[in-house]
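Undergrad: Sharing a structure here in structure tokens format.
The values are calculated or read from the model by the stated rules, or taken from the named source; none is laboratory data. These numbers were taken from a predicted model, which means no experiment stands behind them. A quick note on method: Cβ atoms are made from the backbone with ideal geometry, for glycine too, and the neighbour counts reach across all protein chains shown.
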Amino acid sequence: MLRPQDTATRERKPLTGLWRFKLDPAGEGRAAGWFTRPLAAAREMPVPASFNDVVTDPAVREYFGDIWYQTTARMPRGWDGQRVVLHFESATHRATAWVNGAEVVSHEGGYTPFEAEVTEHVQAGEEALVTVVVNNTLSWQSIPPGVIEDTPSGKRQVYWHDFFNYAGIHRPVWLYATGHAHLTDVTVVTGLDGATGWIEYRTEAERADGAQVKVVLRDADGAEVASGGGASGTLTVENAHRWAPGDGYLYDLEVQLLGEAGTVLDSYHQSVGVRTVAVDGTRFLINGEPFRFTGFGKHEDLAVIGKGHNDAFLAHDVELLNWIGANSFRTSHYPYAEAVLDYADRQGIVVIDETAAVGLNMGLGGGIFGGQGYTTFSPETVNDQTREVHAQAIRELVARDKNHPSVVLWSIANEPESDTEAAERYFRPLFELARELDPTRPVGFVNVLLAPYPTCRVSQFGDVVMLNRYYGWYLHTGDLEAAERAWEEELKGWASEGKPIIITEYGADTYPGLHALMAQPWSEEYQVAFLDMNHRVFDRVDAVVGEHVWAFADFATTSGIMRVGGNKKGVFTRDREPKAAAHALRRRWRKDL
Ligand code: GCB
């Protein structure tokens with residue numbers, strides 16, 4: 001699937017703004033044909049945004065089930081005779097859409113795009129009724145999973161990940177038009193041979209019998225540097241300007257589909273960063289040079305709009321990453337908006353790209369250790385069907401993000417159960433799948449403290465070891481000396497595996513403004529001391545090639561005794577003000593100061 005674009009042959013129209021919105025607790029809307037007419041008794045809701053924090057009614061905030069969104073869009077007059085597509089960048093966690101009463105598409109998974117051709121249901125110059133039913137219920141067969149429990153006060157959605165289950169239409173929705181003969185996919189893989197770069201490209205097209213493909217590569221100044229023809233091929237670039245951390249240099253590959261007499265039937269622009277990624281022993285190499293990750297696990301999480309994408313916060317967050325000396329982040333715990341990855345490409349920020357497979361561990365719940373009363377892997381819980389949904393999530397992640405130079409590593413799950421035979425059986429084929437889909441990038445998963453060295457049975461499949469560890473917080477709370485000893489011992493065990501180790505999470509909840517001379521947990525001083533202790537340990541273990549603090553900013557969670565107005569492990573507050581730890585990290589990471 002290609003991202004909607006405005007090009008010489010393509011035109012798009014955003015459907016962002018206020019949509020009609022209505023909850024459907026009785027689940028009656030489909031049978032009653034709510035998609036055939038304007039939604040009755042609807043309120044208005046912004047798109048893109050989560051609906052949860054826009055409202056004032058707790059019952060709406062916590063609602064799970066069918067949620068209807070509807071808008072009316074006028075087709076541009078110039079789209080007569082064109083192929084028209086309705087495209088969603090995401091709808092959380094699943095959706096079905098109708099155009100003028102006709103069902104056009106259904107999609108499972110809250111963080112990847114989907115689309116449908118709607119040509120036969122619309123008319124240029126006329127209005128079209130676009131209706132979507134989004135469903136935010138989590139089950140054992142959703143990624144992430146959850147269950148609905150019966151409680152004395154009614155049904156309750158339970159899930160095991162430590163962030164609020166925001167839902168709605170979080171990213172832009174588009175209508176776009178192309179000619180009937182059109183490109184459907186472009187893949188680029190890049191390599192380096194000394195100063196020479198090469199770009200292997202593959203294209204796919206539909207309704208394009210007899211059409212030819214022509215490609216032109218231009219540098220950032222617009223000068224043509226290479227060209228070629230054919231549905232696939234290889235271009236070489238002498239003295240290539242490499243994409244590198246901190247230097248987001250991009251070439252533009254224009255792919256044209258040509259008809260008889262050279263008419264341009266379709267044109268698509270793919271940005272290309274020429275770089276390589278490899279793992280060599282305990283080193284993580286970008287362009288053949290050892291790379292050390294500094295940065296954070298993040299969230300898409302903002303006041304009022306929840307997981308709604310916002311360009312101002314994107315630009316500001318990247319300013320803060322640069323200010324603090326972070327060269328990378330992980331899309332914990334789901335694929336982020338595509339605009340985020342485009343921006344990371346242009347800014348030279350390195351990304352660990354994660355699926356939404358979080359919470360597949362019944363030893364954990366909402367950041368709290370302790371049995372959840374279920375068995376993780378069983379025919380009734382996380383089962384073969386779940387694994388197929390998980391596999392599809394990996395396919396869609398790779399399909400969406402394969403061309404981003406910023407993405408250097410796939411993370412196929414966060415903190416699943418990983419010390420059992422069932423876990424080994426579940427994950428082996430998923431690693432095989434990820435490798436088959438993308439042989440060019442390393443693959444890993446994030447290991448939890450419940451499967452410490454040497455008990456993990458899944459890390460054997462990874463090219464890198466990714467560890468979330470909370471020595472000094474959940475373990476040895478307040479006793480950094482004991483934490484330091486225990487942490488170093490475990491880490492040295494992992495180092496003996498001979499793979500690069502990235503510490504994907506380490507962090508301490510910190511209430512901004514709380515101070516303690518004796519560095520007590522929750523104080524700003526303790527967060528600094530906690531990070532210092534971790535850094536001493538990392539600096540003694542050569543195999544550690546990355547440190548991602550948990551978390552970039554404070555974020556919303558479900559409520560509970562372990563959370564004070566959400567998770568407070570942010571180095572920045574939710575509104576992006578620095579805690580003392582931000583300055584301490586800046587001193588460690590900004591080598592130029
Ligand atoms: C973890 C999870 C993350 C939580 C964090 C915490 O290990 O990966 O989602 O928010 O711990 O703060 O407990």
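Listed here are the residues, each with its yes/no results for (1) within 12 Å of the ligand (Cβ to nearest atom); (2) within 27 Å of the chain's Cα centre (by Cα).
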position: A495; (1), (2): no, no
position: I501; (1), (2): no, yes
position: T504; (1), (2): yes, yes
position: W522; (1), (2): no, no
position: E525; (1), (2): no, no
position: W589; (1), (2): no, yes
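Undergrad: Another question, if that's okay. For segment 437-468, what are the residues that are within 19 Å of F293 (Cβ to Cβ) and not in a loop (DSSP other than H, G, I, E, B)?
TA: Result: V443, G444, F445, V446, N447, S459, V465, M466, L467, N468.
Undergrad: List pairs: first residue in segment 392-421 and under 16 Å from R330 (Cα atoms), second residue charged (D, E, K, R) and assigned to a helix (DSSP H, G or I) anywhere in the structure, Cβ distance under 6 angstrom, at least six positions apart or on different chains.
TA: Every condition considered, the pairs that remain are H404/D345; P405/D345; S406/D345; V407/D401.
Undergrad: Turning to a different aspect of this structure: From A434, A422, A393, A413, which residue is assigned to a helix (DSSP H, G or I) and under 15 Å from the mean Cα position of the chain (by Cα)? Can you show your working first?
TA: On the way: A434 fails: under 15 Å from the mean Cα position of the chain (by Cα); A422 fails: under 15 Å from the mean Cα position of the chain (by Cα); A413 fails: assigned to a helix (DSSP H, G or I).
Residue meeting the stated conditions: A393.
Undergrad: Among the residues of segment 529-542, is any more than 30 Å from L430 (Cβ to Cβ), aliphatic (A, V, I, L, M) and free of Cβ contacts under 8 Å to residues at least 40 places away in the same chain?
TA: No, because not a single residue in segment 529-542 is more than 30 Å from L430 (Cβ to Cβ), aliphatic (A, V, I, L, M) and free of Cβ contacts under 8 Å to residues at least 40 places away in the same chain.
Undergrad: So, one more: Given the criteria of a type in the set (A, V, I, L, M, F, W, C), within 16 Å of the ligand (Cβ to nearest atom), assigned to a helix (DSSP H, G or I) and within 26 Å of S496 (Cβ to Cβ), does F530 qualify?
TA: Values: of a type in the set (A, V, I, L, M, F, W, C): yes; within 16 Å of the ligand (Cβ to nearest atom): yes; assigned to a helix (DSSP H, G or I): yes; within 26 Å of S496 (Cβ to Cβ): yes.
For F530, the condition - of a type in the set (A, V, I, L, M, F, W, C), within 16 Å of the ligand (Cβ to nearest atom), assigned to a helix (DSSP H, G or I) and within 26 Å of S496 (Cβ to Cβ) - is met.
Undergrad: I would also like to ask the following. Would you be able to tell me the number of residues in segment 539-550 that are closer than 14 Å to S332 by Cβ and either surrounded by fewer than 24 Cβ atoms within 10 Å (Cβ to Cβ) or away from the ligand (no atom under 12 Å from the Cβ) (or both)?
TA: 1
Undergrad: Take segment 547-563 and flag every residue that is closer than 18 Å to E62 by Cα and of a type outside the set (D, E, K, R).
TA: F555, A556, T557, T558, S559, G560
Undergrad: Let me ask another. Here is a check on your reading of the model: is L364 more than 24 Å from L2 (Cα to Cα), within 16 Å of the ligand (Cβ to nearest atom), out of contact with any Pro (no Cβ under 9 Å at 6 or more places or on another chain) and in contact (Cβ under 8 Å) with a residue 60 or more places away in the chain?
TA: So L364 fits the description; yes.
Undergrad: Looking only at segment 469-527, how many residues end up being among the hydroxyl-bearing types (S, T, Y) and in a loop (DSSP other than H, G, I, E, B)? If you could, list the steps in order and put the result at the bottom.
TA: Here is the first cut: in segment 469-527, the ones among the hydroxyl-bearing types (S, T, Y) are 470-471, 474, 477, 496, 504, 506, 510-511, 523, 526.
After this cut, where a residue has to be in a loop (DSSP other than H, G, I, E, B) as well, the list is 470, 474, 477, 496, 506, 511, 523.
Qualifying residue count, segment 469-527: 7.
Undergrad: Where residues in segment 506-520 are within 17 Å of Y470 (Cβ to Cβ) and more than 28 Å from the chain's Cα centre (by Cα), which of them is modelled with the lowest pLDDT?
TA: This residue is A519.
Undergrad: Could you please give the count of residues in segment 436-483 that are among the acidic types (D, E) and on the phi > 0 side of the Ramachandran plot? Give the steps one after another, and end with the answer.
TA: Residues of segment 436-483 among the acidic types (D, E): 436, 438, 463, 479, 481.
Within this subset, residues satisfying the condition of being on the phi > 0 side of the Ramachandran plot are none.
Count: 0.
Undergrad: Right, another one. Please note which strands (runs of 3 or more DSSP E) are completely contained in segment 56-116 and include at least 1 residues that are buried (at least 22 other Cβ atoms within 10 Å of the Cβ).
TA: Hits in segment 56-116: 66-74, 83-88, 94-99.
Undergrad: Next up: Mind listing whichever residues of segment 322-356 are of a type in the set (A, V, I, L, M, F, W, C), free of Cβ contacts under 8 Å to residues at least 60 places away in the same chain and closer than 19 Å to R292 by Cβ?
TA: If the condition is that a residue be of a type in the set (A, V, I, L, M, F, W, C), free of Cβ contacts under 8 Å to residues at least 60 places away in the same chain and closer than 19 Å to R292 by Cβ, then V351 is the only one that fits.
Undergrad: Consider T573 carefully, then state whether it is at pLDDT below 95 and surrounded by fewer than 20 Cβ atoms within 10 Å (Cβ to Cβ).
TA: Here the answer is no, as T573 does not meet what is asked.
Undergrad: Also, quick follow-up: Under the condition of being under 20 Å from the mean Cα position of the chain (by Cα) and buried (at least 16 other Cβ atoms within 10 Å of the Cβ), which residue from segment 362-389 is modelled with the lowest pLDDT? Let's see the steps before the verdict.
TA: Narrowing segment 362-389 to residues under 20 Å from the mean Cα position of the chain (by Cα): 366-367, 386-389.
Those still in the list that are buried (at least 16 other Cβ atoms within 10 Å of the Cβ) too: 366-367, 386-387, 389.
Numbers: G366: 57, G367: 52, T386: 98, R387: 98, V389: 98.
So the residue we want is G367.
Undergrad: Also, quick follow-up: Would you tally the residues in segment 266-296 being in a loop (DSSP other than H, G, I, E, B) and either under 15 Å from P245 (Cβ atoms) or among the small types (G, A, S) (or both)?
TA: Total meeting the criteria: 9.
Undergrad: Hey, does segment 422-433 have a residue that's closer than 21 Å to W550 by Cα and of a type in the set (D, E)?
TA: no
Undergrad: Would you confirm whether any residue within segment 297-312 is away from the ligand (no atom under 16 Å from the Cβ), closer than 23 Å to A278 by Cα, in contact with a strand residue (DSSP E or B) (Cβ under 7 Å, 6 or more places away or on another chain) and not in a strand (DSSP E or B)?
TA: No.
Undergrad: Then there is this: Give the residue that is nearest to the ligand (Cβ to nearest atom), with candidates limited to residues of segment 315-360 that are surrounded by fewer than 22 Cβ atoms within 10 Å (Cβ to Cβ) and of a type in the set (S, T, N, Q).
TA: My answer is N327.
Undergrad: Among the residues of segment 553-563, which ones are more than 15 Å from K298 (Cβ to Cβ) and within 12 Å of the ligand (Cβ to nearest atom)?
TA: T558, G560, M562, R563
Undergrad: So in segment 1-35, with the set limited to residues that are of a type in the set (A, V, I, L, M) and touching a residue at least 40 places away in the same chain (Cβ under 8 Å), which one is surrounded by the most Cβ atoms within 10 Å (Cβ to Cβ)?
TA: Here the answer is L2.
Undergrad: Which of the residues that make up segment 567-584 are away from the ligand (no atom under 16 Å from the Cβ) and among the small types (G, A, S)?
TA: The answer is A580, A582, A584.
Undergrad: Can you tell me how many residues in segment 390-407 are among the β-branched types (V, I, T) and buried (at least 22 other Cβ atoms within 10 Å of the Cβ)? Break it down stepwise before answering.
TA: Residues of segment 390-407 that are among the β-branched types (V, I, T), as a first pass: 394, 398, 407.
From what is left, the residues that are buried (at least 22 other Cβ atoms within 10 Å of the Cβ) are 394, 407.
Within segment 390-407, residues that are among the β-branched types (V, I, T) and buried (at least 22 other Cβ atoms within 10 Å of the Cβ) number 2.
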